[in-house]
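So the structure is just underneath, and the comments pick up after that.
The values are calculated or read from the model by the stated rules, or taken from the named source; none is laboratory data. Source: prediction; values computed, not measured. Note that each Cβ is placed from the backbone with ideal geometry, even for glycine, and that neighbours are counted across all protein chains shown. Heavy atoms of the whole protein, side chains included, go into the accessibility calculation; ligands, DNA and RNA do not. Shrake-Rupley method; radii C 1.70, N 1.55, O 1.52, S 1.80 Å.
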Amino acid sequence: LEQGLDVLEIMRNINVFVGRFCYNLNNQIFVERTSNNKHLNTINIRHIANSIRTHGTGIMNTTVNFTYQFLRKKFYIFSQFMYDEYIKARLLKEIRFYREHQFDPEVDQKYPFARAERFNRIIRKLGMNSENMSYLDQFRILITQIGNAMGYIRMIRSGGLHCCSSAIKFVPDLEDIVSFEELGGDTELNDDTMTAAKIFDGVIGNLAKNFAEGTEYFKLLVDVFSLVFRNPKNRHQGVADLRNHCKETDHGYLQDDIYKCERKRRTLETNICI
């Protein structure tokens, strides 16, 4: 009964899912960002395992393929931003500054946050979209969506192992699995029974293999995309700028939340006084 969001539903709407949910890396759980209701939806490994048990382990490969296609599009947008002429020129300027002054006492091989803040202000001057978001805001959201997609793949593998472990626990000894087909060969069983025994042996063997080895879906995706991003030509200086921007954004969100809580408290006090 504890199904949660279905894996198929998430797969078909992966672009909506990575934007609406936040991923907790330590606990491997997705939490809905906002909701019109008084509760937030969550997705954990147990939900994924129950969904895999419903649809079968074959859904895991399909989900990874869908996510791979999604990541290809997102990384293409990522590269477009990084190779924009203005953005690239500003980043190259910061790289030259760092290489020339990295051993200075005031720098000490650490990129100054003052220059990161200055870079953020310059990017903000390029313009805002309809939602009052700068290019760096959109870039931060893009990276967050990529991370959520990778986290979802990580959770798919964990859910698959959880599902296999729940099914294989009824096998007494994984090191010595009895073959029902071989046992049935010594008796006078009909063909239908022997076919069923063969299928059963295949299911048990598949469960044992998946439980012992599993498939490193996350590592597969990392290996595919790392060949490009490990190229020295694709190393960028924007990490410190983005990190500083995330700090400013989190501070802004905190101020908004405090303001909303304070406004609700005042409204409540007014209603009580009335």
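If you check every pair at least six apart or on different chains, which have Cβ atoms under 6 Å apart with a residue in the range 147-168 that is under 16 Å from residue 51 (Cβ atoms) first and a residue that is of a type in the set (Ser, Thr, Tyr) and open to solvent by 10 Å² or more (accessible area, probe 1.4 Å) second?
153/217; 157/217
Report, ordered by the first and then the second residue, all pairs with beta carbons closer than 6 Å, sequence separation of six or more or different chains, a first member in the range 209-226 that is on the phi > 0 side of the Ramachandran plot and surrounded by 12 or more Cβ atoms within 10 Å (Cβ to Cβ), and a second member that is part of a helix (DSSP H, G or I) and modelled with pLDDT of 70 or more.
If the second residue must be part of a helix (DSSP H, G or I) and modelled with pLDDT of 70 or more, the pairs left are 214/161.
Consider the range 58-82. How many of its residues are of a type outside the set (Gly, Ala, Ser) and open to solvent by less than 50 Å² (accessible area, probe 1.4 Å)?
Here the count works out to 12.
Pick from the range 97-136 the residues that are assigned to a loop (DSSP other than H, G, I, E, B) and touching a residue at least 24 places away in the same chain (Cβ under 8 Å): which of them is surrounded by the most Cβ atoms within 10 Å (Cβ to Cβ)?
This residue is 111.
Could you go through the range 49-56 and let me know if any residue there is free of Cβ contacts under 8 Å to residues at least 60 places away in the same chain, in a loop (DSSP other than H, G, I, E, B) and within 30 Å of residue 164 (Cβ to Cβ).
Yes, some residue in the range 49-56 is free of Cβ contacts under 8 Å to residues at least 60 places away in the same chain, in a loop (DSSP other than H, G, I, E, B) and within 30 Å of residue 164 (Cβ to Cβ).
Give me the pairs: first residue in the range 27-41 and in contact (Cβ under 8 Å) with a residue 60 or more places away in the chain, second residue loosely packed, with under 14 Cβ neighbours inside 10 Å, beta-carbon distance under 8 Å, and six or more apart or on different chains, which are they?
Cβ pairs passing all conditions: 30/24.
Say we look at the range 20-47 and pick out the residues that are within 26 Å of residue 206 (Cα to Cα) and more than 14 Å from the chain's Cα centre (by Cα); which of these is surrounded by the most Cβ atoms within 10 Å (Cβ to Cβ)?
Only one residue tops the list, namely 47.
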